[in-house]
Amino acid sequence: MRHLLLAGILASILWILSPSLMQAQKFEGLALTPPMGWNSWNKFACNVDERMIREIADAMASSGMKDAGYQYVVIDDCWHGERDSLGFIHPDPQRFPSGMKALADYIHAKGLKFGIYSCAGIQTCGGRPGSRGREYQDALMYAKWGVDYLKYDWCNTAGLSAVGAYTTMRDALFAAGRPVVFSLCEWGDNQPWTWAKDVGHLWRTTGDITNCFDCEVNHGSWSSWGVMKIVEMRKDIRKHAGPGHWNDPDMLEVGNGMLASEDRSHFSLWCLLAAPLIAGNDLRAMSNETIEILTNREVIAVDQDSLGVQGLRYNDNEESLEVWVKPLKYGDWAICFLNRSSKAQEVNFDWSKNVISDDISKTTLNASERTYRVRDLWAKKNLGTTREKLSAKVPSKDVLMLRLTRQ
Ligand code: GLA
């Protein structure tokens with residue numbers, strides 16, 4: 001009996017020490033499908049405090065978002081207070097008087113996960129203390145607070161190597177021992193898709209998104225980008241995404257002021273791109289339309305499909321009606337007709353005349369060889385099979401999003 005007890009104690013000690021004994025690596029198995037959650041930046045920018053974050057967690061649980069798969073409640077920039085005399089970071093005492101541990105406990109008690117933001121530079125983009133030179137200390141603090149997700153930005157990093165800086169924080173998180181989803185946010189400047197697979201779980205591919213469908217907002221030295229501008233920016237990187245490592249075209253602007261049709265298109269495209277689904281709106285004050293978009297499980301299932309293949313644009317030649325496809329598990333396909341124009345457009349699609357192949361999953365959609373059932377994922381209606389031609393009308397800036405299931 002005593003031996004058993006001793007062995008148990010020894011095993012526990014080894015288990016606790018194991019991350020620091022093992023060679024540093026990223027935590028595996030945490031993002032086998034694209035992470036889903038919420039982040040404060042798009043709607044609230046620097047205006048964050050503990051009451052609002054608690055209310056957001058409440059709303060995530062009560063609105064149906066948690067049930068639809070959203071998990072992470074992430075505080076972006078500006079939560080920071082000062083470092084203490086030993087260099088440990090603390091939250092802003094006015095905005096977070098109860099401290100981060102209490103906030104994490106609150107979020108965990110709702111069955112959700114807690115995320116935070118820092119920056120590889122000396123200061124964050126919002127001018128708060130960054131993690132440069134303090135990576136191991138910060139990672140320890142986050143572990144102590146119960147942080148499950150870290151978004152790590154790239155402001156004020158002159159002279160730093162991105163691979164080096166992000167690898168250091170990965171190693172620091174690993175040494176701290178608490179599994180953390182590591183979200184790289186260096187805007188695609190250093191092609192993270194070519195090196196970050198073993199560093200993080202997702203990496204931003206572009207500059208910041210803004211809440212318009214197809215615009216650029218010029219801020220002087222940098223621009224933020226509408227949904228379609230982002231979609232067009234990185235065309236050849238889909239092969240780099242997969243279970244555990246995702247291209248991140250930035251957080252969602254659904255519910256932040258675009259038309260419902262534009263929000264639907266934005267959400268559909270993010271799902272086709274196997275993008276992380278990080279809502280960026282005020283979950284406490286959502287219209288029914290916004291809730292319906294963010295919680296449409298059949299559309300989310302396209303994003304979360306365990307095959308983990310990022311979708312692609314099938315046709316480039318049509319002027320304003322684009323066709324996007326994503327191969328899914330068990331030989332299913334998602335297919336999305338996107339009408340970018342200002343007028344409604346007819347879709348007349350003969351399945352048997354369109355053989356669609358994907359060189360990454362090595363799969364082919366060939367309706368002459370196999371029949372698929374067709375389901376409209378937004379109308380939640382079955383539309384027959386691929387034996388019949390598809391005829392439909394897609395309103396302006398809207399989508400017809402279908403799932404094809406093998407018969
Ligand atoms: C950068 C990031 C944004 C946000 C802000 C915070 O611009 O790309 O997503 O985190 O910093 O200051």
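The values are calculated or read from the model by the stated rules, or taken from the named source; none is laboratory data. On a predicted model such as this, the values are computed, not experimentally measured, just so you know. Cβ atoms come from the backbone with ideal geometry, glycine included; neighbour counts cover every protein chain shown.
Observations, loosely collected:
- Among the conditions (1) over 17 Å from Glu50 (Cβ atoms); (2) surrounded by 18 or more Cβ atoms within 10 Å (Cβ to Cβ), the only one that Gln137 does not satisfy is (2).
- The residues on offer are Lys144, Lys151, Lys197, and the sole one that is farther than 21 Å from Pro276 by Cβ and either assigned by TED's automatic domain parsing to the domain that holds Arg238 or within 16 Å of the ligand (Cβ to nearest atom) (or both) is Lys144.
- Sole residue being at positive phi, within 16 Å of the ligand (Cβ to nearest atom) and without any contact (Cβ under 8 Å) to a residue 24 or more places away in the chain, chosen from Gly220, Gly226: Gly220
- The combined condition, being more than 16 Å from the ligand (Cβ to nearest atom), small (Gly, Ala, Ser), under 23 Å from Arg128 (Cβ atoms) and out of contact with any helix residue (DSSP H, G or I) (no Cβ under 7 Å at 6 or more places or on another chain), is fulfilled by Gly99.
- Residues in the stretch 283-317 that are within 30 Å of Lys362 (Cα to Cα) and surrounded by fewer than 13 Cβ atoms within 10 Å (Cβ to Cβ) were compared, and the one that is modelled with the lowest pLDDT is Asn317.
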